[in-house]
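Written out below as structure tokens is the structure these notes cover.
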Amino acid sequence: MNACALFPGADVAKALNASLADPNNTGTGIGPSCTYFLMPTGASTGQFYILNLIPANLYTPSLSGMMNSKPVSGMGDMASMGTRVGTTTNDLMVLKNGDIAIEVLGDDASMVQMMAGYVLAHLP
């Protein structure tokens with residue numbers, strides 16, 4: 001799956017009540033990973049968010065480099081959120097009905113959760 005093609009930056013920004021920090025950069029990545037540089041409403045600087053689409057059989061939060069992981073209710077099967085090892089970056093992983101897993105990384109925890117919800121609701 002091509003994450004940038006499935007979830008264009010303009011659509012992601014709109015869903016998150018943000019704008020693209022650089023209108024010419026609508027999301028960059030190869031295949032199942034896409035990086036977005038967004039400007040949340042009211043923010044003075046842009047923020048990076050990364051979407052990874054993962055085959056369900058490779059869903060292993062314990063190997064993702066996530067620490068301080070806690071369950072996230074209402075998000076999907078085995079949803080957990082923590083931070084990336086050695087950083088303050090929020091990391092959310094969700095397995096969707098055993099079909100596919102997603103990982104969203106980013107600066108703001110609430111934006112990470114909104115992005116994950118949007119992606120889960122719009123997966124093909």
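Some observations on this one:
- Selected residue [out of contact with any helix residue (DSSP H, G or I) (no Cβ under 8 Å at 6 or more places or on another chain), at pLDDT 85 or above, closer than 19 Å to Leu95 by Cβ and not in a strand (DSSP E or B)] from Ser62, Ser73, Ser44: Ser73
- Those residues of segment 85-120 which are more than 13 Å from the chain's Cα centre (by Cα) and over 16 Å from Val72 (Cα atoms), in sequence order: Val85, Gly86, Thr87, Thr88, Gly98, Asp99, Ile100
- Residue match in segment 14-25 (condition: without any contact (Cβ under 8 Å) to a residue 24 or more places away in the chain and assigned to a strand (DSSP E or B)): yes
- Boolean, Thr87 is open to solvent by 70 Å² or more (accessible area, probe 1.4 Å), more than 19 Å from Ala3 (Cβ to Cβ) and of a type in the set (Val, Ile, Thr): no
- Taken over segment 3-49, the criterion of being surrounded by fewer than 14 Cβ atoms within 10 Å (Cβ to Cβ) and in contact with a Cys (Cβ under 8 Å, 6 or more places away or on another chain) is satisfied by Thr28 alone.
- Extreme residue, modelled with the highest pLDDT, among residues of segment 77-98 that are part of a loop (DSSP other than H, G, I, E, B) and out of contact with any helix residue (DSSP H, G or I) (no Cβ under 6 Å at 6 or more places or on another chain): Thr89
- The condition of being within 14 Å of the chain's Cα centre (by Cα) and open to solvent by less than 30 Å² (accessible area, probe 1.4 Å) holds for only one of Ala79, Ala56, that being Ala79.
The values are calculated or read from the model by the stated rules, or taken from the named source; none is laboratory data. For clarity, every value in this text was computed on a predicted model and none was experimentally measured. Using ideal geometry, Cβ is built from the backbone for each residue, glycine included, and neighbour counts are taken over all protein chains shown. What goes into the accessible areas is simple: the full protein's heavy atoms, side chains included, and nothing from ligands, DNA or RNA. Shrake-Rupley method; radii C 1.70, N 1.55, O 1.52, S 1.80 Å.
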